[in-house]
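These notes concern the structure reproduced below.
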Amino acid sequence: MPTDRTDARKINRDQAVGGCPVTRNADGVWLVRDYAAARAALRSPYTVQAGLGVETLDNLPARIRRPVLYRDGPEHREHRRQTARFFTPRRVDESYRGFIGDLADRQLAVLRDNGRADFADLAFGLAIGVVCSVIGLTESRPGLTRRLERFFPEEFGSPGFTTVDGLYWMWRQARNWSSIFLSDVRPAVRARRVRRRDDLISHLLDEGCSSVEILGECITFAAAGMVTTREYITVAAWHLFTDEPLRDRYRTAEEPERIAILHEILRLEPVVAHLLRRTTAPVELPGDGRSVTVGPGQLIDIDIAATNTDRAAVGDSPLTLCLARPRTDATAPVLSFGDGPHKCPGATIAIVETNIFLSKLLAMPGVRLHSPPRVGANDAIGGYTLRNMIVEADTPNGQRDRAGEH
């Protein structure tokens, strides 16, 4: 059993502790740090998606269908029902494990052959391969990783018509949308118009979606399945490299226990730490001895990093990495994958690909952490970016690649 530590988090989060009462700030936004209140807000039929640029989509023509991330109500539920088959645990076990293992081997071959690599790049390569297979982006021209890096930069900036920076942001993103459409989405759509396959793009074509609408869905899944998964795989590896008892236990454990370790790391280090919802009718949020009623049209900011440390949900010592927590009605990673209608559909895939990748990584001869990552912030989701985490391993001849040292 790893020793519990009160400083187990790698990401410093300036926040109130979990379990605080629901409050309202000076801007009129309701702040939720309590697990029960957060779950009620996420599950309520009277809250809808907010933030993540949803407001900008109001300017789109009504005939263009919004990506599923930005839809709510019966249309959203029906889409999730029809696409659930791509993300079930059975589908993951039967259809995805094999190619995830092959992708992991190809990424780790870079580390094995060179003796040194930037771990975030390896994790991104894995996440891109997995999501592309599930979506159906399998006819891309060379350079997909570079195009995605441009589309999801570390510093996002903000759109606007009143500043040079805002105008430049819009021009740059329009160029990036066009590049991904022409190089990745259009070739995939053309191939599936000729012959359907068992993937998301084929399903969207069957629903009558246009190429532009499919582009929106692909970008949404890229953000959820590639960008956030890269950060999670990297932070999990960082924990394992720097906690020898935890690493030893992970190496020798069976898969259920390894997944429990990954869940506990994700509880402490949620990649998406703020979820926004807007009410469409009065919503009652439970509290410690009292409830709060949020009126219609109000914005709710759910602090996932705080709710995941609510003692009422996770037990004592919530800031420690502990594998012996008593089971409660909270799922293992608590609200790290969200909850309610917009709960992340790819949660199982993300955990399985992380486990496969890290299990193979830690089985490599001489694998070790050379330098910790540079930590940045993703203010749009209250998340983090981890870059330049250099890992090393023995090369086939038993020596580190000398060229990699310079």
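The values are calculated or read from the model by the stated rules, or taken from the named source; none is laboratory data. Bear in mind that the values here come from a model prediction, so they are computed numbers and not experimental data. Heads up, the Cβs are rebuilt from the backbone with ideal geometry, glycines too, and the neighbour counts pull from every protein chain shown. Heavy atoms of the whole protein, side chains included, go into the accessibility calculation; ligands, DNA and RNA do not. Shrake-Rupley method; radii C 1.70, N 1.55, O 1.52, S 1.80 Å.
Annotations
- Residues considered: 187, 142, 296. Largest GNM mean-square fluctuation over the chain, using C-alpha springs under 10 Å, is found at 142.
- Given [x] 49, 23, 19; [y] 32, 29, 20; [z] 35, 23, 20, the label whose value is semi-axes √(5λ) of the Cα gyration tensor in Å derived from this model: [y]
- For the range 297-372, radius of gyration divided by Kirkwood radius, i.e. Rg to Rh on alpha-carbons: 1.07
- Only protein heavy atoms count here; under a 1.4 Å probe, residue 274 has an accessible surface of about 70 Å².
- Over all other residues within a Cβ to Cβ distance under 9 Å of residue 104, the charged ones net out to -1, with Lys and Arg as +1 and Asp and Glu as -1.
- When the chain is treated as a GNM with alpha-carbon contacts under 10 Å, the residue of 208, 19, 383 showing the greatest mean-square fluctuation is 208.
- Between the range 291-368 and the range 381-397, the Cα center-to-center distance that results, in Å: 22 Å
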